[in-house]
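Undergrad: Sharing a structure with you now.
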Ligand SMILES: [Zn+2]
Ligand SMILES: [Zn+2]
């Protein structure tokens with residue numbers, strides 16, 4: 001109903017939403033995607049009551065705010081198991097790309113050569129990239145977010161035109177989930193440094209966060225929340241989650257973005273495609289909306 005009203009208010013056609021993807025309640029598939037877990041695992045959380053089912057009839061619906069809460073809880077639990085995030089990022093990176101552990105020696109003429117042919121052969125023969133994702137501990141996605149883990153598991157050749165930090169960040173903003181931060185752990189996991197656009201974005205967000213916080217301190221809701229009013233805190237969290245959902249929806253304003261809500265985390269293709277649906281030459285609708293073009297080939301120039 002709400003989506004229908006908005007469709008009449010804005011000039012551009014509103015993207016069709018997944019039936020479960022209303023402003024503050026999402027279906028099990030969307031919740032699982034945001035948490036970086038399987039649908040059966042998400043259903044188990046619902047059965048166990050950790051993710052309360054908000055639907056009175058029909059397929060289960062969970063509150064966006066509950067998904068965000070579970071995301072924070074799972075991260076905290078995983079961090080207790082892996083307090084050294086940089087060391088954990090290195091472990092994950094080495095599991096994803098064993099060949100990065102091959103030792104090289106520098107020759108007199110500046111070229112490099114493998115130090116130990118047996119080691120190189122052994123490490124090169126290991127499963128790598130997306131093939132490793134299935135066996136990777138869920139703690140990796142719980143701590144770093146599934147978007148960053150997906151990017152880390154995608155071959156570097158898919159990112160010749162694109163900063164991996166920016167890509168993981170945009171994917172997490174579009175589809176939901178944790179976004180990469182400016183930390184050594186993410187540099188290790190993604191195997192690269194953030195670009196100037198990331199630094200700019202982080203600086204801007206930190207500043208607007210400070211301003212929002214200062215403004216929030218002036219509101220009655222904040223005083224009430226500070227006084228320990230659980231209800232006020234819940235309202236704030238619902239508002240934030242509505243904003244997030246709205247931001248995702250607006251990022252995807254494009255008539256042909258029906259795929260967005262139902263996007264599957266399919267494997268990367270030999271042509272350099274990405275889980276969101278981007279191919280080597282064409283951005284998926286969600287990323288096209290974020291980057292302002294469908295033409296990924298032009299972005300590479
Ligand atoms: Zn970047
Ligand atoms: Zn994409």
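The values are calculated or read from the model by the stated rules, or taken from the named source; none is laboratory data. It should be emphasised that the depicted structure is a prediction, and the values quoted were computed from it without experimental measurement. Please note: Cβ atoms are built from the backbone with ideal geometry, for glycine as well, and neighbour counts cover all protein chains shown.
One line per residue, one yes/no per condition, for (1) away from ligand 1 (no atom under 12 Å from the Cβ); (2) touching a helix residue (DSSP H, G or I) at 6+ places or on another chain (Cβ under 8 Å):
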{"site": "186", "(1), (2)": "no, yes"}
{"site": "189", "(1), (2)": "yes, yes"}
{"site": "193", "(1), (2)": "no, yes"}
{"site": "201", "(1), (2)": "no, yes"}
{"site": "204", "(1), (2)": "yes, no"}
{"site": "209", "(1), (2)": "yes, no"}
{"site": "212", "(1), (2)": "yes, no"}
{"site": "221", "(1), (2)": "yes, yes"}
{"site": "226", "(1), (2)": "yes, no"}
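Undergrad: Let me ask something additional. Being in a loop (DSSP other than H, G, I, E, B), away from ligand 1 (no atom under 16 Å from the Cβ) and at pLDDT 80 or above is the filter here, so list the residues in region 280-297 that pass it. Lay out the reasoning, then the answer.
TA: Restricting attention to region 280-297, the residues satisfying the condition of being in a loop (DSSP other than H, G, I, E, B) are 280-281, 283-284, 292-294.
Okay, now just the ones that are also away from ligand 1 (no atom under 16 Å from the Cβ), so 280-281, 284, 293-294.
281, 284, 293, 294, listed by residue number.
Undergrad: In the list 70, 92, which residue meets the criterion of being farther than 18 Å from residue 148 by Cα, surrounded by 15 or more Cβ atoms within 10 Å (Cβ to Cβ) and touching a residue at least 24 places away in the same chain (Cβ under 8 Å)?
TA: 70
Undergrad: If you go through region 148-178 one residue at a time, how many are away from ligand 1 (no atom under 12 Å from the Cβ) and either without any contact (Cβ under 8 Å) to a residue 24 or more places away in the chain or outside any helix (DSSP H, G or I) (or both)?
TA: 6
Undergrad: One residue is enough: does region 207-214 have a residue meeting the conditions under 27 Å from residue 33 (Cα atoms) and more than 16 Å from ligand 2 (Cβ to nearest atom)?
TA: yes
Undergrad: Could you pull out the residue among 185, 224 that is assigned by the TED database to the domain that holds residue 91 and in a helix (DSSP H, G or I)?
TA: That would be 185, the only listed residue that is assigned by the TED database to the domain that holds residue 91 and in a helix (DSSP H, G or I).
Undergrad: Another question, then. Which one of these is closer than 22 Å to residue 157 by Cα, under 29 Å from the mean Cα position of the chain (by Cα) and not in a strand (DSSP E or B): 75, 121, 93, 80? Working first, answer last.
TA: On the way: 75 fails: closer than 22 Å to residue 157 by Cα; 121 fails: under 29 Å from the mean Cα position of the chain (by Cα); 80 fails: closer than 22 Å to residue 157 by Cα.
On inspection, the qualifying residue turns out to be 93.
Undergrad: Please indicate, with yes or no, whether at least one residue in region 136-147 is crowded, with 19+ Cβ neighbours inside 10 Å, within 16 Å of ligand 2 (Cβ to nearest atom) and in a helix (DSSP H, G or I).
TA: yes
Undergrad: Moving on to the next point. Could you say whether any residue in region 105-116 is assigned to a helix (DSSP H, G or I), modelled with pLDDT of 90 or more and either in the same structural domain as residue 289 (by the TED database) or away from ligand 1 (no atom under 16 Å from the Cβ) (or both)?
TA: no
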